[in-house]
Amino acid sequence: MKSARIVEVGPRDGLQNEPGEVPTEVKLELIERLADAGLPAVEATAFVSPKWIPQMADHTEVLERLRRKPGVSYPVLTPNLKGFEAARAAGATEVAVFGAASEAFSKKNINCSIAESLERFRPIAFEAKKHDIKVRGYVSCVLGCPYEGEIKPERVADVAGALFEMGCYEVSLGDTIGVGTPGKTRAMIEACTQRVPIAHLAGHYHDTYGQALANIYASLELGMSTFDSSIAGLGGCPYAAGASGNVATEDVVYMLHGLGIETGIDLERLVEVGEWISAYLNKASNSKAGKAMSAKRARR
């Protein structure tokens, strides 16, 4: 593996889990600073109802005012056709749809069954193709569900396969509650590759039990080269009290660079972005590499 691609989810998946609303100006600066640090994809916002996620109420303004860096993609979450149309009107060039491998989670999270959610995504995929907009698919609860417990790898493969077949260029496999371990991660990916080529699969691992980096390593061994992560580990896990959620981008990049895998990301600049947004939110960074590098810099 010579290179890997990181999809930064902090401005959306991270900030939407913050208790307070973050001003549009701060969101824009965060997205732009992440792109300037070399991230090739920065998930910008979510076109969802402000009633459900008030933190993303400024989605149109964020996308319209964003200073776009050439070569960087800015995907936005669109759970339904209404959200897609709003995103397209605001200038989206890439959207993401969000399914689940657990029936119970799908019903609790998006108020419909897995089959119904896939039917809801079909018109998005159809319209996106018509307007030359890329579609990325997410599958949540791929290694466990807060309501159902363990999830069979074959069920994950079925959902991933359906998303790929309807036109998603990439399917991100999400360990939403962070219960996965390397062996289970390997089995889940191997099942998915029966339906989707490994080059079109991505890993989205939460660090609830401290397994995210180990799961990324196991995924690398199978040939996966795209991973989702969040600056400073922003975005807690709502189903595990006190637990960390998203794996920190700084930690992932530190490990990849240590393995001799290129990312195109400037780690020093990335750490500075993590320090800045953590200070703004008045919270400690969840990145171990970020904290260690900050401390080392302070001692110089």
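Quick look at the values:
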read-out	value
Hits in region 72-90 (condition: open to solvent by 30 Å² or more (accessible area, probe 1.4 Å), of a type outside the set (A, V, I, L, M) and part of a helix (DSSP H, G or I))	LYS82, GLU85, ARG88
Residue count, region 33-48 (criterion: crowded, with 18+ Cβ neighbours inside 10 Å and assigned to a helix (DSSP H, G or I))	3
Some residue of region 26-49 being among the basic types (Lys, Arg) and farther than 30 Å from MET255 by Cβ	no
Residues being touching a strand residue (DSSP E or B) at 6+ places or on another chain (Cβ under 8 Å) and of a type outside the set (A, V, I, L, M) - total across region 77-87	4
Residue in region 208-230 that is buried (at least 19 other Cβ atoms within 10 Å of the Cβ), touching a Leu at 6+ places or on another chain (Cβ under 7 Å) and either farther than 30 Å from GLY161 by Cβ or not aliphatic (A, V, I, L, M) (or both) present	no
Selection within region 136-172 - surrounded by 20 or more Cβ atoms within 10 Å (Cβ to Cβ), out of contact with any Pro (no Cβ under 9 Å at 6 or more places or on another chain) and in a strand (DSSP E or B)	GLY137, TYR138, VAL139, SER140, CYS145, GLU170, VAL171, SER172
Among (1) touching a strand residue (DSSP E or B) at 6+ places or on another chain (Cβ under 6 Å); (2) without any contact (Cβ under 8 Å) to a residue 12 or more places away in the chain - the single one VAL97 does not satisfy	(2)
Cβ pairs under 6 Å, 6+ apart, first in region 63-85 and touching a residue at least 24 places away in the same chain (Cβ under 8 Å) and over 10 Å from VAL42 (Cβ atoms), second assigned to a loop (DSSP other than H, G, I, E, B) and β-branched (Val, Ile, Thr)	PRO79/VAL48; PHE84/THR78
Single residue of LYS69, LYS51 found to be within 24 Å of GLY10 (Cα to Cα), of a type in the set (Lys, Arg), modelled with pLDDT under 95 and not in a helix (DSSP H, G or I)	LYS51
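The values are calculated or read from the model by the stated rules, or taken from the named source; none is laboratory data. Just so we're clear, the structure is a prediction, and the values are computed from it rather than from any experiment. Because the Cβ atoms are built from the backbone with ideal geometry, glycine has one as well, and the counts that use them run over all protein chains shown. The area values use the complete protein model at the heavy-atom level, side chains included, leaving out ligands, DNA and RNA. Shrake-Rupley method; radii C 1.70, N 1.55, O 1.52, S 1.80 Å.
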